[in-house]
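Have a look at the structure below, then the notes.
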């Protein structure tokens, strides 16, 4: 029994030493990903991206770029209490020349047509697609008709108006139940337009 116990101890010691050597070798053989010393393969970010094969463009994303710019202007306009429902609707549908960005009014693109419009989920489901678009129409109307008239009113339960974040933070403009329509629209565009198009149309 003593002989076996001594053998087992030696094997255990040998295994521990071997394991430590292997782990030490792994640590010493790894080099920093940030080390691009002489001869390293440094990645240089180009000022613009070109997706080309044999000098011919293979990717078209002008429509997506236009809609992102439209979305930025539209969401900003939702916090301008001088805007009318006609103007905000016009920004959602790109009718009426309400954008200031170069080429947006004449781009032939708009936010509404690609909202809840992916091939996977909505091409054969106009009922849900129309219901989602109707939500946007309602939020726009309510921002103009409920929130804008109470822009300088302190919001309380049951009354739309402004409310400041605790500790002197930014001022929010909410409906009678505390909902920020501009944020509802902003976040819904991220899901029903951007994410839906990316995952359920282009990448599906």
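A few notes on this one:
- Protection proxy ranking, highest mean first, for peptides 181-189, 129-137, 43-51: 181-189, 129-137, 43-51, where packing is the per-residue count of other beta-carbon atoms within 10 Å, averaged.
- Neighbour-count order for 92, 122, fewest beta carbons within 10 angstrom listed first: 122, 92
- Spherically averaged projected area in nm², based on the convex hull that wraps the Cα atoms of the range 62-202: 9.4
- Added length on full extension, which subtracts the Cα-Cα distance from 0.36 nm per residue, residue 52 to residue 75: 4.9 nm
- Per-residue extension of 0.36 nm, minus the Cα-Cα distance of residue 43 and residue 131, leaves a gain of 27.0 nm for this segment.
- Label-to-label distance for residue 179 and residue 102 is 3.9 nm, based on points extended 7 Å past Cα in the beta-carbon direction.
A short reminder: the numbers here are calculations on the coordinates, not readings from a lab. Keep in mind it's a predicted model, so treat the numbers as computed, not measured. Reconstructed Cβ throughout: ideal geometry from the backbone, glycine too, with neighbour counts over all protein chains shown.
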